[in-house]
Amino acid sequence: MKSLIGDLLLQRLAAARGAASTAAPTNRLLYDCLRGAILDGTLPAATRLPPSRDLARELALSRNTVVFAYDQLLAEGYVRSRVGSGTFVAEVFPDAYTNVAPRASAARAPRAGQAPSAVAMPPLSQRARGLLGRISAASVQWGAFMPGVPDVTAFPHRRFAQILAQHARRGSPSLRSYATAGGHPALQRSLANYLRQARSVNGEAGQILITEGIHQAIDLVTRLLADPGDAAWVEDPGYWGTRSILGVNGIDVRAMPVDIEGLQIPENTPDDPKLRLAFVTPSHQYPLGSVMSLTRRLALLEAARRRRLWVVEDDYDSEFRFAGQPIPSLQGLVDDAPVIYVGTFSKTLYPGLRTAYMVLPPALADTFRSAQMELYRGGHLLEQAALADFMDSGQYAAHIRRMRILYGARRARLIALVEERLGPGWIHPFDSNAGLHLVLSLPAGVSDVDITAEAGRAGVLVRPLSRYYAAPDAPAGLLLGFASVPETAMAAPLDILARCIERAVNRP
Ligand SMILES: Cc1ncc(COP(=O)(O)O)c(C=O)c1O
């Protein structure tokens, strides 16, 4: 027999599953439902929750799932547990202090099964609502074939920890304080050398700012060089993170089509007085993979000068090119290019390091350094000192060389498996044998979102290409990351994915 609480939770879980744009794990959903019911007064103070075993049976979940949710609520103070008599909703719970979501009064509390009332909570900002409407970041970031993720297990963690420990022992206390100079000067020097040699980037150490990922670099550029209501060119399809950061800062996105030569520069269009910025991925267009041709590069620089724009060159994964020569940066193509160069250690080392860098034109460097300190109060100087040693001793370049061989072999294996399993002709025509992911093109009319969801339910992670376009009726395709998947572990998930694709393609 079902209890009232069991019924309530069944309804809320079904609603949460239907509404969730990302595949949150069930234990998390159950916790959210219980917490919501406590906060909105549906489960009043002192209500006894069913024993975890009974609730698990009623909800057809594992007992561990329920125990997780109860433990989490207990740790956060929403429930208390009395040995021998059970788990009860607390009288005073944390949100009463933090004012995150005041509890609805009993009179306004919705009945079991109703959606939680928003009455008691002040509204979200328009910016937040806009952002929530376009959330793209995946909730699971590790597993076959999560795009864009390097093999974090191949990083020499032990060696890096030793370097870090040396700095921790010897370093001055200031290394544990806030960063004040846009990052550790040693890392700025190492990066200036590396970028000059490996990426033909022009710039001295003083022009380099170390950021918390490229995301922070884009946020800084957006806030310091454009105002709400201004506009920016972005590639279409393009990186969702750039669009989200622009959107939350009130910048209008002008989606510019890309072809095999990269972003198409509009000719003979009237000047756009609101246009301030252009975001491009010239070495390896994200996500389709084309390389921006020299003609386009020159045309972009010319358009930027004429229209008085800053170009932001997002050089996120250019170290991984598996044939031919590396593509030199756009920033270094001419002297005094109106380009802000950004790069990251997220792909060459590991994303959790949250360390990226920007090379600023000399005239902007001081402004950006001051603004970064004022807005974000950076830190991580110890890690930055260790990174500088890692680079200066040649270990960074050696790691990249090793990873290039590893990822090249994984990419070749994945392409071979796709061809074996699905036949030829699936790889996107803009592919340029580089990066950490492949794009498969799907026939028109097939839903890449449905395939992604079905594969996700079977434990295979891919991303739908259509979501990277601005317009809803976009070409369908799938992004498959290969870098973090050993060759021997590819066949099984690819087989699952191939079956999802075949079902979708053959669906009447
Ligand atoms: C095109 C592009 N830019 C930027 C980033 C994010 O870099 P970071 O991890 O340094 O924020 C990514 C990550 O996938 C990316 O694909």
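The values are calculated or read from the model by the stated rules, or taken from the named source; none is laboratory data. All values derive from a computational prediction rather than experimental measurement. So basically every Cβ, Gly included, is an ideal-geometry build from the backbone, and we count neighbours across all protein chains shown. Calculation scope for accessible area: heavy atoms of the full protein, side chains included, ligands and nucleic acids excluded. Shrake-Rupley method; radii C 1.70, N 1.55, O 1.52, S 1.80 Å.
Give the separation of the Cα centroids, the stretch 265-309 to the stretch 401-463, in Å.
For the stretch 265-309 versus the stretch 401-463, the Cα centre distance is 28 Å.
Could you tell me how many degrees, from 0 to 90 and to the nearest 10, lie between the Cα long axis of helix 185-199 and the main elongation axis, the longest principal axis, of the Cα atoms of the chain?
Once rounded, the angle reads 60 degrees.
Whole number please: convex hull volume per residue, Cα atoms of the chain, in Å³.
Details: hull volume 97.6 nm³, N = 508.
Convex hull volume per residue, Cα atoms: 192 Å³.
Counting only C-alpha contacts under 8 Å and six or more residues apart, can you give the relative contact order of the stretch 305-428 as a whole percent? Could the numbers behind the result be given before it?
On the way: 91 pairs, mean separation 23.8, N = 124.
Dividing the mean separation by the residue count of the stretch 305-428 yields 19 percent.
In whole Å, how far is the Cα centre of the stretch 321-398 from that of the stretch 138-199?
First find each Cα centre; the distance between them is then 11 Å.
Which one of Ala278, Phe322, Ser244 is farthest out on the positive end of the charge dipole of the stretch 227-336, using unit charges on Cβ (Lys, Arg +1; Asp, Glu -1) and the Cα centre as origin?
Most positive-ward Cα: Ala278.
When ranked by the protection proxy of mean other Cβ atoms within 10 Å per residue, highest first, what sequence do the peptides 435-445, 78-88, 390-400 form? Walk me through the numbers before you get to the answer.
Numbers: 435-445: 19.5, 78-88: 13.5, 390-400: 16.5.
Ranked by mean Cβ neighbours within 10 Å, highest first: 435-445, 390-400, 78-88.
Starting with the highest mean, order 415-426, 30-41, 137-148 by the number of other Cβ atoms within 10 Å, averaged over the residues of each peptide. Kindly include the intermediate steps, with their values, before the conclusion.
On the way: 415-426: 14.2, 30-41: 21.7, 137-148: 17.2.
Final packing ranking: 30-41, 137-148, 415-426.
Report the one residue of Ser200, Phe368, Gln126 whose Cα lies farthest in the direction of the positive end of the charge dipole of the chain (charges on C-beta: Lys and Arg +1, Asp and Glu -1; origin at the Cα centre).
Gln126
Could you sort the peptides 152-163, 277-288 by per-residue average Cβ neighbour count (10 Å cutoff), highest mean leading?
Working: 152-163: 14.0, 277-288: 26.2.
In decreasing order of mean packing, 152-163, 277-288 become 277-288, 152-163.
How much of the accessible area of the chain, in percent, comes from carbon and sulfur atoms when a 1.4 Å probe is used?
C and S atoms contribute 55 percent here.
Roughly what % antiparallel, to the nearest 5, for the DSSP beta bridges in the chain? Don't jump to the answer; show the numbers that get you there.
Numbers: 26 of 44 bridges.
Bridges in the chain are about 60 percent antiparallel.
Summing -39500 (n - 2.57) over the DSSP H runs of n ≥ 4 in the chain and dividing by its residue number, what mean residue ellipticity at 222 nm do you reach, to the nearest 500 deg cm²/dmol?
My calculation for the chain gives -13000 deg cm²/dmol from helical runs alone.
Relative to the Cα centre, what is the charge dipole magnitude of the chain, using +1 at the beta carbon of each Lys and Arg, -1 at the beta carbon of each Asp and Glu, and rounding to the nearest 20 debye?
In total the dipole reaches around 1420 debye.
Go ahead and run the numbers for FRET between Asp473 and Gln162, Cβ-Cβ distance against an R0 of 51 Å, rounding to 0.05.
Values: r = 54 Å, r/R0 = 1.05.
In this case the efficiency is close to 0.45.
Any idea what angle helix 63-76 forms with the longest principal axis of the chain, computed on alpha-carbon atoms, 0 to 90 degrees, nearest 10?
The two axes meet at around 80 degrees.
Out of all DSSP beta bridges with both ends in the stretch 217-345, state the antiparallel percent to the nearest 5.
On the way: 2 of 20 bridges.
Around 10 percent antiparallel, to the nearest 5.
Below 8 Å between Cα atoms, with a sequence gap of 6+, how large is the relative contact order for the chain in percent?
Working: 843 pairs, mean separation 83.8, N = 508.
It comes to 16 percent, rounded to a whole number.
Name the residue farthest towards the positive end of the dipole of the stretch 357-508 from the options Ala416, Pro429, Ala398, assuming +1 on Cβ of Lys and Arg, -1 on Cβ of Asp and Glu, about the Cα centre.
Ala416
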